[in-house]
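Below is one structure; the comments refer to it alone.
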Amino acid sequence: ADSTTWAYSTNPALAVADYLMNADFGLGVSSSKIDWAAIKTAADGCDVSVSVPGGTQSRFTCNGVLFGTDSHKTNINKLLSAMNGSIAYIDGYYVVKAGIHENPVVDLDEDDLSGSISIKTSLERGDRFNTVKGVFIDPASNYKSTEFPKVQLSTAYSRDNDEELHKEIALNMTNSSYMAQRIAHKLIQQSDLQKIITYPTNMKGLRVAVGDRVRVTNTELSWTLKEFQCVQ
């Protein structure tokens, strides 16, 4: 809340927080309405140093331009794209997450069920992809949109009978080809996790919010601490 402590940063999580609070071009949200613990987790995840050819770089950075003519939703989604992130409004707070793994918040087993589990084992063909193509902002090309090398996951490609099912993305806040490929690879990995369960639970389920991870144990399904992410 103290603006005298603010400093310039290319961290996507901090950029989203800044946009949420900024009253001139952003949403003008009070800092008290932001889940700062979630911002810290996301920001720390973005700052992790990863190896790339010729050196290292932060896992995710945010470098690009927003337009005042675009909606807040469009601008926030552009910022989130830089870290493969998400945002949700939960219990009166804006919760921002980066595309990183976070520890499960709760373990669920048969004692927590209030009904029958339903399972969807795979996505429809139209929702699947094994290859990602797209563009990023290339400093070497005068900051123009440039294609990054396509990314394909061999296991997902084999799953689809060696047929290329591609998804195109625009990473307008990413200025590194390696970073763009990292985001693309993560998207394919996520798309390969096709098992979706509906889990009717008792009051323990109130601890789980959208974006949280849980571990499920079920003897009949031979699951022991099997990890899922809450999507709805």
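Among all residues of segment 62-80, there is at least one that is open to solvent by 40 Å² or more (accessible area, probe 1.4 Å), in a helix (DSSP H, G or I), of a type in the set (S, T, N, Q) and under 25 Å from Phe136 (Cβ atoms).
In this structure, is Asp162 open to solvent by 50 Å² or more (accessible area, probe 1.4 Å) and charged (D, E, K, R)?
Answer is yes for this residue.
Looking at Asp24, Asp44, can you tell me which residue is under 30 Å from Gly205 (Cα atoms), outside any strand (DSSP E or B), out of contact with any Asp or Glu (no Cβ under 7 Å at 6 or more places or on another chain) and of a type in the set (D, E, K, R)? Working first, answer last.
On the way: Asp24 fails: under 30 Å from Gly205 (Cα atoms).
Within the list Asp24, Asp44, the selection yields Asp44.
Answer yes or no: is there a residue in segment 110-123 that is touching a helix residue (DSSP H, G or I) at 6+ places or on another chain (Cβ under 8 Å) and at pLDDT below 90. Checked segment 110-123: at least one residue is touching a helix residue (DSSP H, G or I) at 6+ places or on another chain (Cβ under 8 Å) and at pLDDT below 90. Kindly check whether there is at least one residue in segment 3-13 that is open to solvent by less than 80 Å² (accessible area, probe 1.4 Å), over 21 Å from His72 (Cα atoms), at pLDDT below 95 and out of contact with any helix residue (DSSP H, G or I) (no Cβ under 8 Å at 6 or more places or on another chain). Yes: segment 3-13 contains one or more residues that are open to solvent by less than 80 Å² (accessible area, probe 1.4 Å), over 21 Å from His72 (Cα atoms), at pLDDT below 95 and out of contact with any helix residue (DSSP H, G or I) (no Cβ under 8 Å at 6 or more places or on another chain).
When you scan segment 107-116, do you find a residue that is among the hydrophobic types (A, V, I, L, M, F, W, C), open to solvent by less than 40 Å² (accessible area, probe 1.4 Å) and within 21 Å of the chain's Cα centre (by Cα), even just one? It would help to see each step written out before you state the result.
Applying the first criterion (among the hydrophobic types (A, V, I, L, M, F, W, C)) to segment 107-116 yields 108, 113.
Subset that is open to solvent by less than 40 Å² (accessible area, probe 1.4 Å): 108.
Checking the rest, the ones that are also within 21 Å of the chain's Cα centre (by Cα) come to none.
Looking through segment 107-116, none of the residues is among the hydrophobic types (A, V, I, L, M, F, W, C), open to solvent by less than 40 Å² (accessible area, probe 1.4 Å) and within 21 Å of the chain's Cα centre (by Cα).
Got a sec? Which of Ala180, Ala170 is within 22 Å of Glu147 (Cβ to Cβ) and open to solvent by 30 Å² or more (accessible area, probe 1.4 Å)?
Details: Ala180 fails: open to solvent by 30 Å² or more (accessible area, probe 1.4 Å).
Criteria check complete, one pass: Ala170.
Across segment 27-41, the qualifying residues are those that are open to solvent by less than 40 Å² (accessible area, probe 1.4 Å) and not in a loop (DSSP other than H, G, I, E, B), and the one among them that is nearest to Lys144 (Cα to Cα) is Ile39. Determine whether Glu168 is closer than 17 Å to Gln189 by Cα and among the charged types (D, E, K, R). So Glu168 passes the test.
For the condition out of contact with any His (no Cβ under 7 Å at 6 or more places or on another chain) and either closer than 19 Å to Leu123 by Cα or in a helix (DSSP H, G or I) (or both), what is the one hit in Leu225, Leu187, Leu221?
On the way: Leu225 fails: either closer than 19 Å to Leu123 by Cα or in a helix (DSSP H, G or I) (or both); Leu221 fails: either closer than 19 Å to Leu123 by Cα or in a helix (DSSP H, G or I) (or both).
None of the other options fit; the residue is Leu187.
For a quick check of your reading of the model, give me the residue pairs whose first member lies in segment 216-232 and is open to solvent by 100 Å² or more (accessible area, probe 1.4 Å), whose second is not in a strand (DSSP E or B), with beta-carbon atoms closer than 8 Å and at least 6 apart or on different chains. That search, which allows pairs on different chains as well, returns Thr219/Glu110; Val231/Val210; Gln232/Val210.
In segment 1-21, what residues are touching a residue at least 40 places away in the same chain (Cβ under 8 Å) and in a loop (DSSP other than H, G, I, E, B)? Passing the criteria: Thr10, Asn11.
Would it be correct to say that Glu147 is open to solvent by 80 Å² or more (accessible area, probe 1.4 Å), of a type outside the set (Lys, Arg) and at pLDDT below 95? So Glu147 does not fit the description; no.
The values are calculated or read from the model by the stated rules, or taken from the named source; none is laboratory data. Just so you know, these numbers come straight off a predicted model, no measurement behind them. Counting neighbours? That spans all protein chains shown, and the Cβs are built from the backbone with ideal geometry, glycine included. Side chains included, ligands, DNA and RNA excluded: accessible areas come from the protein's heavy atoms. Shrake-Rupley method; radii C 1.70, N 1.55, O 1.52, S 1.80 Å.
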